[in-house]
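The values are calculated or read from the model by the stated rules, or taken from the named source; none is laboratory data. What you see is a predicted model, and the numbers here were worked out from it, not measured in a lab. Cβ sites come from the backbone with ideal geometry, for glycine too, and all protein chains shown count toward neighbours.
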Amino acid sequence: MSEAILQIRNLSKSYFHKQPVLHDVSLDVKPEEILIIIGPSGAGKSTLMRCINHLITPSSGHIYFKGLDIPSLHGNQMRACRRRIGMVFQEFNLVERLTVLENLLIGRLGYMKPLDAFLQRYAAEDIDAAEALLTRLGLREFALKRADNLSGGQRQRVGIGRALMQNPELLLVDEPTSSLDPKTSVEVMEIMAELARERHIPVLVNMHDVNLARRFADRIVGMREGRIVFDGKKEELTNDTLAKIYGGDSWMH
Amino acid sequence: MDALTRRVLKTQEPVPTGGMEKVRRFFRFYGVQILLFLFVVYVLFALSRLGISPKRISEGFTQGKVFLSRLFPPDFITRWDDIRHDMLESLEIAVVASIIGILLSLPLGLLGARNLMPSVVTWPVRLFISLARAFNPIIIGIIFVKAVGFGPLAGLLTLSVASVGFIGKLFIEAVEEISMKQVEAVRASGASFLSVIRFGVLPQVSARFIGFGMYQFDSNLRNSTTLGIVGAGGIGGTLFAAYQRFDYRIVCAIVLLIIGLIILDEYVSERVRRVFQ
Amino acid sequence: MSENLAKEWKNHVGPKRALKTVFYAIIIAALVVSLRNIEIIPEFLKDTPEQLMDLFRRMWPIDVKFLWGFVAPSILETIHIATLGTIATLIITFPLAVLGSKNIVRNEGIRYVMKFIFVASRSVNSLIWALFYVAVFGPGPVAGVMAIMSRSIGFVGKLLSEAIEESSRNQIEAVISVGAPPVSVFLKGFWPQIRPSFLSIALLRWDINIRETAVLGIVGAGGIGLLLESAIDVFHWPGVAAILLSIFVVVLLAEFLVTNLRKKVI
């Protein structure tokens, strides 16, 4: 078995005393795998994602990313680590008033000198890379349009492009399809899986949609009330385990 | 049976028995009337306190005719050099104070926003801004005149402070309304703090900031024409001097020029706003 | 699209950047020209923080006796002036605003006259209005009330006619259609639509007027400004502090009151 890219050990997070959102979570992400976390709303999936990127500081536990313990990082070290991890958001989180190109280039901010960034002096290689990505994403013609002109599916593809511009060693994808219709959801997942595999980037996704998860996952993890209740190949995901994850089974029929 | 009970009966509801209930019903029916009555009483009281009476007003109007006749025709010529110099000074004070005010408001606005900064930072910033806003520029002007002496410097400092009070507050509000999702995405890319502000925050507020600046310039121009009354530079000084010498025709000329300047400014700023939208 | 994106991007930001540079250049030029003419004496500017600190030090401790004996009555007078001025404004401005509204008065001439009155009123600062009225009525609160009124007509008139122009014809027609007399048409079809904005504008202006009245005394038009000026003239700094503090408190209270009342009105 190959060495894990990301090792989460005994991670807990609580905002209020004795009401943990994450409860002693341990999880490994292996190279080049697409790992999808499923579970009902409020299971702690998003919190887990944000802890990995240190947008939230966990209450206890460790997250080892290629030897770095993320929760212990600060300042420049933390930012240097963040730029190695790309993130895709549920509601896209594009900077609406900037162009599509600039939104992609935000992925390079972690690499740029502050003054260059401030004056919008982007490197020509970065723009070329963005152009190549936009072409792959089918958004080349929108490059200089403002992000708020795009449809949901297009926006999410910009979100994926932005994350990939970071040249990430890990991709975190938070509910990528919750704001999209079923057809667009599949398209977005397809292009993301394709680009990630090409670049050999492991992907950690969380979503509600069990069918979509079955279709794209190499491995599935089920979470409920801040704990991991299932971890296995997608073939092992039976109706019984689903009932255990989501509670009850009336929703399946 | 009293009128109130009759009206209550008409509503088909049980007649109140408890004392409190009676009082509540009384207010429900007569609340507006009571308020109006109290209001009229207050107005009469205030009028008598201030010694305002119809006689006083009518006397004033006779006096007013005399005054008006002494205002016209306006005299632009006698003090033209002073007037021109001081009008320009007012304009210049407004320009510089607006620029300084805007430059200071930018960092203060970011520091005062509760969604970006911890309360240790926002609290003093917000206190300063509300202090700067609470006082009429004339009052701030009096204090600065005492501190730095008569002249345009006092006016400049005054309007800079007033601008910070106004734009600072609006800017804080604008920053507090932004979508934090966009900020989170920029943070997640590993961007530095400056870049987060530049790409996550500023694009969301910059369009409004220009409007605030324009508005503040209008306001500063108006105020810079009166600050001279307390000795803080600009046309107000010449105006007040002429007034105290009873040179009402010069006063009239100056006021007409001020009105002209402000109408011109409103026209220009309307145009500029349209360009930026 | 044969051009590459880097070039397109340059063409995209180039003109914007040029425009911005011109804009900043104009501002810097205006700044330089202005600063040259204003003749700031560097020693004075350098001295400012120290002078200010010195002033504030002399203000402490504030004069409590003065606060209750002189400041409180004077503050009350200020509030009276602001309130009466606002009421007078509302009474006078309501008909003017109706006459200035597009949907009620078709005659453009009348509307232009109204617009002119509003603009003239707003263009003259309340302190200058006060100078005029002090010349007419003599020093005292009467001049203050008149000044506040003259200054507020433009603000209230402009906002109120905008509100009237937004009122819907349908609701008025509904009341007319049941055969109601004109007074009822006004009270039931028109007024309910205007009331929230009317009250809200009145409250806003009252808040502004409280601040403005605080300085009218400087030219003799009543209120706390007169006391402030005399306290400063005799260098009674603890008294000045008492006045400033009371103005601050009144302004904050007025703002608090207005914000909460407006929420109820709307």
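The table for this structure:
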quantity	calculated
Subset tally (residues that are touching a helix residue (DSSP H, G or I) at 6+ places or on another chain (Cβ under 8 Å) and modelled with pLDDT under 85) for the stretch C:101-118	5
Which numbered condition A:G75 fails, given (1) on the phi < 0 side of the Ramachandran plot; (2) surrounded by fewer than 22 Cβ atoms within 10 Å (Cβ to Cβ); (3) out of contact with any strand residue (DSSP E or B) (no Cβ under 9 Å at 6 or more places or on another chain)	(1)
Count of residues meeting criterion [crowded, with 18+ Cβ neighbours inside 10 Å and either over 24 Å from B:L127 (Cβ atoms) or over 18 Å from the mean Cα position of the chain (by Cα) (or both)] in the stretch C:239-266	7
Looking only at the stretch B:221-250, and only at residues there that are assigned to a helix (DSSP H, G or I) and out of contact with any helix residue (DSSP H, G or I) (no Cβ under 8 Å at 6 or more places or on another chain), the one that is farthest from the other protein chains (Cβ to nearest Cβ)	B:A241
Matching helices (runs of 4 or more DSSP H) fully within the stretch C:86-174 where at least 1 residues are crowded, with 22+ Cβ neighbours inside 10 Å and aromatic (F, W, Y)	C:108-123, C:126-137
Some residue of the stretch A:101-115 being free of Cβ contacts under 8 Å to residues at least 60 places away in the same chain, more than 8 Å from every other protein chain (Cβ to nearest Cβ) and among the hydrophobic types (A, V, I, L, M, F, W, C)	yes
Breaking point among (1) more than 9 Å from chain B (Cβ to nearest Cβ); (2) at pLDDT 85 or above; (3) farther than 19 Å from A:E169 by Cβ, for A:I70	(3)
Residues of the stretch B:28-75 satisfying the condition of being at pLDDT below 80, assigned to a loop (DSSP other than H, G, I, E, B) and surrounded by 15 or more Cβ atoms within 10 Å (Cβ to Cβ)	B:L50, B:I52
Filter result for C:M53 (buried (at least 22 other Cβ atoms within 10 Å of the Cβ), assigned to a helix (DSSP H, G or I) and either without any contact (Cβ under 8 Å) to a residue 60 or more places away in the chain or assigned by TED's automatic domain parsing to the domain that holds C:F198 (or both))	no
All positions within the stretch B:195-220 that are more than 14 Å from chain A (Cβ to nearest Cβ) and not charged (D, E, K, R)	B:G211, B:F212, B:G213, B:M214, B:Y215, B:Q216, B:F217, B:S219, B:N220
Which numbered condition C:P42 misses (of (1) within 11 Å of chain B (Cβ to nearest Cβ); (2) surrounded by 15 or more Cβ atoms within 10 Å (Cβ to Cβ))	(2)
Filter pass, A:L137 being touching a residue at least 24 places away in the same chain (Cβ under 8 Å), more than 14 Å from chain B (Cβ to nearest Cβ) and surrounded by 20 or more Cβ atoms within 10 Å (Cβ to Cβ)	yes
Any hit, the stretch C:66-73, residues being in contact with a Phe, Trp or Tyr (Cβ under 6 Å, 6 or more places away or on another chain), under 26 Å from C:F248 (Cα atoms), within 14 Å of another protein chain (Cβ to nearest Cβ) and surrounded by fewer than 16 Cβ atoms within 10 Å (Cβ to Cβ)	no
